[in-house]
Amino acid sequence: MIHDLRAEYMGRYLRPLRRDDIEDLRIWRNESSLNRYLRATGQISPRMQEAWYEGMLADPDQVFFAIGHGEHPMVGALSLYNFAENSCQIGRIIIGEASERGKGLGRLSFLMAMAAGIRYFDRERFRLFVHPDNKSARAMYQRIGFSDTGITRPFGDGGVEYEMEIDRQNLYVRNEEMKQIVVTNDPTEQNREQDHA
């Protein structure tokens, strides 16, 4: 979906994923070290990436963010998607810049995206799926306060992924940063994409 949401916390921010971001995202998605736990797509060509981007903008059921800070306008990306009643999924996260990994940016990006989900989409619960071998991601989700639901789904390699969820109350109780995250609308972002459409 085309959106104009921006979330910020102590110099880190989320903003709408732009057309001029998608080549970097495509390169990261093609790196085997980064795509191991993402949906298998094979090598993504520039044409495939462009088609994905157009479809994402037209899909009212997903909101994609670029992750940035300071002079780094995009170091990764993540999404809110599968909106249903008062919940949605969060995930599809990738921290593409190697120098930014292991610094807590993934966790903070999740918090900023969920703040946007609460304040602008009125979500009360967030769900995600995690592969059991993805131990660092699972530890991050548990630190945020996600808990297992007991639901599984098939994963591409024949294994399974486990569903985890958190509600709004636990999110705020477990994460002091939630109260300090600023979420705003920046109409220039929406106009930027409409001008390219």
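Since every read-out is calculated from the coordinates, none of them should be taken as a lab result. Every value quoted in this text rests on a predicted model; they were computed, and no experiment measured them. Because the Cβ atoms are built from the backbone with ideal geometry, glycine has one as well, and the counts that use them run over all protein chains shown.
Using a simple spin-label model with points 7 Å from Cα along the Cα→Cβ vector, what separation in nm is obtained for T152 and M10?
Each label point lies 7 Å from its Cα, and together they span 3.8 nm.
Which value in nm describes the separation of the simple spin-label points at S45 and E23, placed 7 Å from the Cα toward the beta carbon?
It works out to 1.8 nm between the two label points.
State to the nearest 20 debye the size of the charge dipole of the chain about its Cα centre, where the only charges are +1 on K and R beta carbons and -1 on D and E beta carbons.
560
When averaged across all projection directions, what area in nm² does the alpha-carbon convex hull of the chain cover?
One quarter of the hull surface, i.e. the mean projection, equals 10.7 nm².
So what's the net charge close to R125: Lys and Arg +1, Asp and Glu -1, counting the other residues with Cβ under 10 Å from its Cβ?
Local net charge: -1.
What translational D, rounded to a whole number of µm²/s, comes out for region 1-104 from Stokes-Einstein when the hydrodynamic radius is the Kirkwood one over Cα pairs, at 37 °C and 0.692 mPa s?
229
Please compute the length gained on full extension between K135 and S33, using 0.36 nm multiplied by the number of residues separating them and subtracting their Cα-Cα distance.
Here the answer is 35.3 nm.
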